[in-house]
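Here's the structure we're looking at; comments come further down.
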Amino acid sequence: MSEVGGKVYLTVNTFVFPDDSTKKWAAMKEQWERIISSDVPKLQAPELTLAKELDKDYFLQSTQEVIDLINQSVKVNKVVMSRRMSLKFGKQVDNNYVLEKMLETQENSYFFIMENGNTSFFGASPERLIAINDDTLMSSCVAGSTPRGKTPEEDGKLGSVLLQDGKNVKEHHYVVDYMQEKLAPFTNDLTLATDPILLKNRDIQHLYIRIEAEKKAEAELLDILQTIHPTPALGGTPQKMAMQIIRLKEELDRGFYGAPIGWIDFDGNGDFAVAIRSGLITDANGYLYAGCGIVADSVPEEELQETAVKFQPMLRIMGGLKND
């Protein structure tokens, strides 16, 4: 289901075979009409019974080891480390509730739920990876973060500090330089802003630069996606070395976390986000994921706190935080 220009559309995909009869399409039309006219069931809030951050001591140790590697090496500048929170529920989670609460609470985000049986992967990502609309290419540079303030005054101060914070600005510059280099061959007029603005979500604010350029006629969305992913916002820089360190130092299998997630049509248009601020649930058990960029002047305890803040959007939806 999608909303475009104030109108809501229900889209259904199906396989078409040469021997299909019109009865199949009539049955599908009847099913669509039944769905549209049916009452919306009451959504059930999750019964969260446990939310536990995993391996905090290991994260602190491995983060310090990564900082030491960066300071001892001229080959790597940034590595993005991630960790998990374990969740347990009294019953299976209602994905419709999760989606509704994401829409209600997580502004300026890209929403997704991917289901397979009793397993669902979901999230509200602040980061668009790549989008194509006819001859227009769109992307973003999102890196560096700080919590939202409890008052407008506190929120403004936190944002101002973020805009001037050397560590976070450095993180963001790595992303900007990378995207400029990687996207230039696919565009005719790529020019990125030099100074970021603030992208504000419910719980977090980020340094942000919006990218929009004219796409070269021969450029294809999936080729661009393969070229740029993972960006320094997700993996690090240089990419190859950062990924090697992640495999060596990170204790978890990221799975879908951080993957490109989106859609593409037959005309080559599409929109993909980075699957962060996300979680994975199977039956009544699940995980939330959060990551942070490690650079030479990072402090492990501060990175631990940053990831704790990044758990908050999905933890709030699961009932682990008050919605105040």
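The values are calculated or read from the model by the stated rules, or taken from the named source; none is laboratory data. Note that the coordinates shown come from a computational prediction; the quantities given were computed from them, not determined experimentally. Methodologically, a virtual Cβ is constructed for each residue, glycine included, from the backbone with ideal geometry; neighbour enumeration extends over all protein chains shown.
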Note down all Cβ pairs under 7 Å where the first residue falls in segment 288-302 and is farther than 18 Å from Ile204 by Cα, the second is surrounded by fewer than 13 Cβ atoms within 10 Å (Cβ to Cβ), and they're at least six residues apart or on different chains. Ala296/Asn71
Among residues of segment 16-48 being under 30 Å from the mean Cα position of the chain (by Cα) and not aliphatic (A, V, I, L, M), the residue surrounded by the most Cβ atoms within 10 Å (Cβ to Cβ) is Pro46
Considering segment 138-158, residues that are under 22 Å from Ile317 (Cβ atoms) and of a type in the set (Gly, Ala, Ser), and then whichever is surrounded by the most Cβ atoms within 10 Å (Cβ to Cβ), we arrive at Ser145
Those residues of segment 121-137 which are more than 27 Å from Val98 (Cα to Cα) and either surrounded by fewer than 16 Cβ atoms within 10 Å (Cβ to Cβ) or of a type in the set (Lys, Arg) (or both), in sequence order: Asn133, Asp134, Asp135, Thr136
Test: Phe311 is outside any strand (DSSP E or B) and at pLDDT 95 or above: yes
For segment 89-103, check the following and say yes or no: at least one residue is closer than 25 Å to Ile294 by Cα and either of a type in the set (Phe, Trp, Tyr) or surrounded by 12 or more Cβ atoms within 10 Å (Cβ to Cβ) (or both). no
Would you pick out the residues in segment 202-216 that are out of contact with any helix residue (DSSP H, G or I) (no Cβ under 9 Å at 6 or more places or on another chain) and not basic (Lys, Arg)? Glu212, Glu214
Cβ-Cβ distance below 6 Å, separation of 6 or more or different chains: which pairs start in segment 49-61 with a residue that is surrounded by 12 or more Cβ atoms within 10 Å (Cβ to Cβ) and outside any helix (DSSP H, G or I) and end on one that is modelled with pLDDT under 95 and not aromatic (Phe, Trp, Tyr)? Ala51/Gly320; Asp55/Glu251
Number of the exception - Asp265 against (1) closer than 24 Å to Ser145 by Cα; (2) modelled with pLDDT under 95: (1)
When Ala213 is run through (1) touching a Ser or Thr at 6+ places or on another chain (Cβ under 6 Å); (2) within 21 Å of Gln312 (Cβ to Cβ); (3) surrounded by fewer than 20 Cβ atoms within 10 Å (Cβ to Cβ), the failure sits at (2)
Is it fair to say Met85 is under 25 Å from the mean Cα position of the chain (by Cα), of a type outside the set (Asp, Glu), modelled with pLDDT of 95 or more and under 16 Å from Asn285 (Cβ atoms)? yes
Looking for whichever is within 15 Å of Val176 (Cα to Cα), part of a loop (DSSP other than H, G, I, E, B) and in contact (Cβ under 8 Å) with a residue 40 or more places away in the chain here; the options are Ala233, Ala213, Ala217. Which one fits? Ala233
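Each row is one residue, and each column tells you yes or no for (1) part of a helix (DSSP H, G or I); (2) free of Cβ contacts under 8 Å to residues at least 24 places away in the same chain; (3) farther than 22 Å from Asn95 by Cα; (4) out of contact with any helix residue (DSSP H, G or I) (no Cβ under 9 Å at 6 or more places or on another chain).
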residue: Asp20; (1), (2), (3), (4): no, yes, yes, yes
residue: Trp25; (1), (2), (3), (4): yes, yes, yes, yes
residue: Lys29; (1), (2), (3), (4): yes, yes, yes, yes
residue: Trp32; (1), (2), (3), (4): yes, yes, no, yes
residue: Ile35; (1), (2), (3), (4): yes, no, no, yes
residue: Asp39; (1), (2), (3), (4): no, yes, no, yes
residue: Lys42; (1), (2), (3), (4): no, yes, no, yes
